[in-house]
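To keep things clear, I will list the structure first and then write my remarks on it.
Every read-out reported here was derived from the displayed coordinates using simple, explicitly stated rules and does not represent laboratory data. Not measured: the values here are computed from a predicted model. As a convention, Cβ positions derive from the backbone with ideal geometry for all residues, glycine included, and neighbour counts pool all protein chains shown.
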Amino acid sequence: MAFRPRRAMAVFWKDSLDLRKNVGLLLSMAVLPMVMVTVPIAVVWTYVSQPDHSDLRTVALFYDPTLPLGASAARFLIDKSLTDWFGMFLVMPVFIPILIASQSVAGEKERRTLEPLLASPVSAAELVAGKSLAALVPAVLMTWFAFALFCVGVDIVAWPLVGAPLMPNALWGFGVFVLAPLFAFFGNGVAVLISARVSEARMAQQLSALVVLPLVGLVGGQVAGVLKAGLAYYAIQGAVVLVLDLVLLAASIRLLDRERLISRWG
Amino acid sequence: MRRPLPTPRAEAPAEGGIRVRGLAKRFGARTAVEDLTFDVRPGEVFGLLGPNGAGKTTTVRMLTGLLRPSDGDAHVWGHSVTHDGESLRKVVGLLTEQPGLYDRLTARENLRFFMKLHELDEATAWPRARHYLERFGLGGREDDACGSFSKGMRQKLAIVRTLVHDPRVIFLDEPTSGLDPESARTVRDAVAELASEGRTIVLCSHNLAEVERLCERVAVVRRRLLALGPVRELRRAGQALDVRVEGDAEAFRPALARLPFAPNVLLEGGRLRVMLADEAQAPDVVACLVGAGARVHSVVPSQRPLEEVYLDLLKDEGA
């Protein structure tokens with residue numbers, strides 16, 4: 001069956017419209033970016049407000065025992081925090097599509113709208129494409145918007161100490177514009193896959209949300225000094241997620257097969 | 001006693017319409033439907049009857065390309081249900097048991113979505129949608145969220161959605177469920193009108209009075225086909241003869257029992273109710289009574305309502 005972009009766009013149009021009218025979901029989606037932006041700004045502000053605090057040097061030496069004596073521990077910790085926080089920031093493009101896609105796929109079952117939808121000419125691939133776009137576009141746009149706020153906030157707060165704009169830097173630029181869409185695709189793929197297997201949107205959300213745990217674990221490893229984050233480190237993460245995305249895409253199309261969905265949930 | 005009923009038979013394949021041959025569906029070890037064979041002509045309203053869990057929904061799902069048959073094949077308006085899923089779904093309209101509307105979207109947005117899925121030009125599809133909206137009393141409510149609609153309004157909007165792409169074959173599952181009598185009548189009129197335009201309509205309903213009013217033919221299924229034929233013929237299969245005789249009617253039962261076709265005879269209000277397999281048996285009944293010395297006052301043939309025939313069929317099948 002030929003892929004018809006018009007039908008995929010119809011699904012995208014409907015899901016986007018539905019999302020715009022779902023105030024509860026929009027509010028729950030807004031919470032995470034607020035946290036992701038305000039927490040690092042607050043951390044940077046803490047360092048900037050007491051740059052000469054003796055404890056800062058102790059913490060900085062824990063992470064880098066070779067830190068030169070004259071180097072600013074506060075500046076070092078700001079750079080380290082920003083690099084490490086990026087791993088946490090990636091939770092956002094993973095989590096937002098999970099919120100949306102769980103609603104849009106398992107929600108169709110809950111609302112009993114799945115059968116009329118599947119009785120239309122739309123194909124499984126068009127359905128996956130439309131629903132994925134409807135989850136990915138807001139997730140990526142929100143990530144970029146949060147990133148813009150984050151850059152402005154960090155630069156304003158750090159200016160008294162650094163005297164120059166810290167953000168955006170190469171790592172964050174690469175991460176937000178290359179890795180974030182890949183991670184968003186991953187979150188969406190997991191949610192679509194799980195939504196196709198369970199009957200309730202809430203259950204799909206809860207199960208899908210578990211995929212952020214490895215990301216949080218990696219950030220934990222960075223903070224504990226076990227993992228050293230950098231451009232290469234995130235590039236490897238991106239490559240792994242890209243492979244997972246392709247696997248999830250194929251599995252989603254297979255699982256959104258009419259027969260499976262209808263005989264299981266219709 | 002089991003009365004002979006019209007049996008499934010292969011009819012000439014319709015050019016449009018629906019042609020079903022040996023259709024079966026199994027879910028693992030469970031057989032939902034087996035060996036269904038029937039035809040539905042263009043312009044016909046066809047009733048698909050059966051108790052809950054009889055396989056009606058599974059049959060409709062196979063005929064709308066939602067489920068693949070395990071065996072057999074069917075053609076819906078010339079499209080094979082096993083090979084032409086996409087083109088099949090373009091020509092069929094399906095009204096599901098639940099309206100399945102998007103509550104946060106308005107009626108207009110719900111309809112636009114399905115116009116887009118069918119890749120319709122909205123400039124030409126909207127007048128048709130508006131026509132049905134007006135007809136079903138939803139005119140002026142296009143921009144209200146469906147979540148604010150009553151059960152009946154939701155049902156009517158779902159019917160409009162079913163018709164929005166001008167389908168040639170329409171499957172309606174309990175179309176008047178939740179509707180007030182006036183709206184139900186409007187829907188029935190619309191169904192008859194759609195059929196008169198040459199569309200094939202398959203009606204699944206437990207409202208047998210409605211089926212009797214709308215359908216030319218019906219199929220009774222319980223996993224397999226129990227009966228198939230014109231409603232008139234099915235009712236005739238359950239024909240009865242009400243005979244009023246002078247004196248004690250009970251006294252003539254033994255005589256009737258000796259008839260070669262041994263009809264089932266009931267005594268109802270002093271009258272004999274003789275169940276016949278065929279109306280041609282009526283003269284034999286009268287002759288038998290007269291021969292036994294009865295003074296026959298009146299003989300009134302009566303057809304049983306479809307509901308009674310249907311329930312008997314299921315009872316016989318269960319026994």
Can you tell me the 0 to 90 degree angle between the C-alpha axis of helix B:151-163 and the longest principal axis of chain B, rounded to 10? 80
State the Kirkwood hydrodynamic radius of the stretch B:18-234 in Å, one decimal place, computed from all pairs of distinct Cα atoms. 17.6
Of the DSSP H helices in chain A, the ones reaching 30 Å or more along their long axis in Cα terms and averaging at least -0.5 in Kyte-Doolittle hydropathy are A:23-49, A:124-162, A:231-255
As a footprinting exposure proxy, order B:TYR102, A:TYR63 by other Cβ within 10 Å, with the fewest listed first. A:TYR63, B:TYR102
Which value, in debye to the nearest 20, gives the size of the charge dipole of the protein assembly as shown about its Cα centre, when Lys and Arg are +1 and Asp and Glu are -1 at the Cβ? 500
Mean residue ellipticity at 222 nm from the helices of chain B, using -39,500 (n - 2.57) per DSSP H segment of n ≥ 4 over the full residue count, to the nearest 500 deg cm²/dmol? -10000 deg cm²/dmol
List the lysines whose alpha-carbon lies under 17 Å from that of A:LYS21, not counting same-chain residues fewer than 8 positions away? A:LYS131
So, with +1 on the Cβ of K and R and -1 on the Cβ of D and E, and no other charges, what is the size of the charge dipole of the stretch B:142-256 about its Cα centre, to the nearest 20 debye? 580
Could you work out the equivalent-ellipsoid semi-axes for the stretch B:239-302, taking the square root of 5 times each eigenvalue of the Cα gyration tensor, largest first, in whole Å? 15, 13, 11
Relative contact order, percent, chain A [alpha-carbon distance under 8 Å, six or more residues apart]: 29
How charged is the neighbourhood of A:GLY87? Take every other residue with its Cβ under 13 Å from the Cβ of A:GLY87, and add Lys/Arg as +1 and Asp/Glu as -1. +1
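Please compute, over every Cα-Cα pair in chain A, the percentage with a separation greater than 31 angstrom.
Pairs farther apart than 31 Å: 33 percent.
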If B:PHE114, A:PHE183, B:PHE149, A:PHE62 are placed from fewest to most neighbouring beta carbons inside 10 Å, the sequence is A:PHE62, B:PHE149, B:PHE114, A:PHE183
Dipole of chain A [Lys/Arg +1, Asp/Glu -1 at C-beta], most positive-end residue of A:ILE253, A:SER102, A:LEU67: A:ILE253
Points 7 angstrom from Cα along the Cβ direction at B:SER80 and A:ILE236: gap in nanometres? 5.3
Helix B:122-135 against the longest principal axis of chain B: what's the angle in degrees, Cα atoms only, rounded to the nearest 10? 40
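Mean residue ellipticity at 222 nm from the helices of chain A, using -39,500 (n - 2.57) per DSSP H segment of n ≥ 4 over the full residue count, to the nearest 500 deg cm²/dmol?
That calculation yields -26000 deg cm²/dmol at 222 nm.
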Would you list B:THR59, A:THR58, B:THR37, B:THR96 from fewest to most Cβ contacts within 10 Å? A:THR58, B:THR37, B:THR96, B:THR59
Around A:LEU136, what is the net charge, scoring Lys/Arg as +1 and Asp/Glu as -1 over all other residues with Cβ under 14 Å from its Cβ? -1
On the principal axes of its Cα set, how long, how wide and how thick is the stretch A:135-266? Give whole Å, largest value first. 63, 30, 22
Helix axis angle, B:107-117 relative to chain B longest principal axis, alpha carbon, degrees: 80
Going toward the positive end of the dipole of the stretch B:18-234, with +1 on Lys and Arg Cβ and -1 on Asp and Glu Cβ, which of B:THR58, B:LEU117, B:ALA209 do you reach last? B:THR58
Starting from the amide H of B:ALA227, placed 1.01 Å from N in the peptide plane, find each other amide H under 5 Å away whose residue is 5 or more places distant or on another chain. B:VAL220
Taking alpha-carbon centroids only, the stretch B:86-128 lies from the stretch B:279-319 a number of Å equal to 49
Local electrostatic count at A:ILE96 - Lys and Arg +1, Asp and Glu -1, tallied over other residues with Cβ under 15 Å: +1
So, with +1 on the Cβ of K and R and -1 on the Cβ of D and E, and no other charges, what is the size of the charge dipole of the stretch B:204-314 about its Cα centre, to the nearest 20 debye? 260
Kirkwood hydrodynamic radius, the protein assembly as shown, all distinct C-alpha pairs: what's the number in Å? 28.4
